[in-house]
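Participant: Structure below; questions to follow.
The values are calculated or read from the model by the stated rules, or taken from the named source; none is laboratory data. Fair warning: this is a prediction, and the values are worked out from it, not measured in the lab. Positions of Cβ are generated from backbone atoms using ideal geometry, with glycine treated the same way; all protein chains shown enter the neighbour counts. The protein model used for the area step is the full one, side chains on, heavy atoms only, and it has no ligands, DNA or RNA in it. Shrake-Rupley method; radii C 1.70, N 1.55, O 1.52, S 1.80 Å.
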Amino acid sequence: MIGRCLEALLDGLPPGFARIIVACNGCRDDTVFRARRFASPDLEVLDLAEGGKAKAIRAAERLLPEAPRVFLDADVAFSGHDLVRLVDRLDSGPHHLISPAIHHDLQGCTACAAAVSRIWLELPHGQTSGFHHVLGVSAEGRRRWAEFPDIIADDAFIASRFRPDERRIDPQLAVTVRPPRTLPAWIGVRSRWIRGERELRSSGLDGPGEPGQRSALARLSLRPSQLPGVTLYVLVRFAAAWRARGTPARRVEWYRDATSRG
């Protein structure tokens, strides 16, 4: 996945435009080797012995000057062309947090998992308030917190630092994501989100919220063509909540969705 990510990121990225740090955290496969094939004066690969996404973010940020930051997941495809446009938008304002619209690559998904993915993208969180995978933060916005905290809900933490009028999903930018390929994988990912949100609250922080989710889901359920997908989506949410029950807020473990990688 790292090769696909870096190939897309370097497509259309002018030399010297960005300082790219690939922070490989506790990798036991060939990720470091694959990433180092793209090494250049603009791109450095860190081979960190210890796992943990927050630790990887901190290690990478220590090597960067104060400037707009783009936090990019390694298992997505986001083009260098769109990175340039994203940074230009951050520099010109008025938003301090910008994410691209999410496109799901459904190849290889079971029919049920694909239905859940389609419903997720139809809802407000997937359309206008889901800051995931690529988060561009202005230089001024990055001053809202010090070092990145040891939390699992990294995207939610970043989004929570900004008022709704300070953040935006830009529909003219796009990131391609491989969503969970099976219903069990969707349940695992969803339970991780629940645990991450619980951890945020236990730390005295609030996530960005999901305005209008329930009412939008109710409206979708009124369309006969959408009812099967809505039913599966609701079942995934209930199953994820059941799976996440009883987990202490400060003992959150990272769920790795192996179905969407490869």
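Participant: What number of residues within region 152-186 satisfy the criterion of being farther than 26 Å from ARG69 by Cα, aliphatic (A, V, I, L, M) and open to solvent by less than 40 Å² (accessible area, probe 1.4 Å)?
Facilitator: Start the filter on region 152-186 by keeping residues that are farther than 26 Å from ARG69 by Cα, which leaves 180-186.
Next, from what is left, pick out any that are aliphatic (A, V, I, L, M): 183, 185.
Adding the requirement that they be open to solvent by less than 40 Å² (accessible area, probe 1.4 Å) leaves 185.
Adding up the residues that qualify gives 1.
Participant: Filter region 219-232 down to the residues that are over 12 Å from PRO184 (Cα atoms) and open to solvent by less than 50 Å² (accessible area, probe 1.4 Å) and list them by number.
Facilitator: LEU220, SER221, GLN226, GLY229, VAL230
Participant: Tell me which residues, restricted to region 29-57, are of a type in the set (Asp, Glu) and either under 25 Å from PRO179 (Cα atoms) or surrounded by fewer than 14 Cβ atoms within 10 Å (Cβ to Cβ) (or both).
Facilitator: Across region 29-57, the qualifying residues are ASP29, ASP30, GLU50.
Participant: Have a look at PHE157, PHE162, PHE148 and point out the one that is under 29 Å from SER203 (Cα atoms) and under 14 Å from the mean Cα position of the chain (by Cα).
Facilitator: PHE157
Participant: Additional query: Identify all residues within region 75-109 that are open to solvent by 50 Å² or more (accessible area, probe 1.4 Å) and within 13 Å of VAL175 (Cβ to Cβ); write none if there are none.
Facilitator: Across region 75-109, the qualifying residues are HIS81, ARG85, HIS103.
Participant: Let me ask another. Can you spot a residue in region 20-28 that is free of Cβ contacts under 8 Å to residues at least 12 places away in the same chain and open to solvent by 60 Å² or more (accessible area, probe 1.4 Å)?
Facilitator: Yes.
Participant: In this structure, does HIS125 turn out to be modelled with pLDDT under 95, over 28 Å from PRO14 (Cα atoms) and not hydroxyl-bearing (Ser, Thr, Tyr)? Quick ask: steps written out before the conclusion?
Facilitator: Working: modelled with pLDDT under 95: yes; over 28 Å from PRO14 (Cα atoms): yes; not hydroxyl-bearing (Ser, Thr, Tyr): yes.
Yes: the conditions hold for HIS125.
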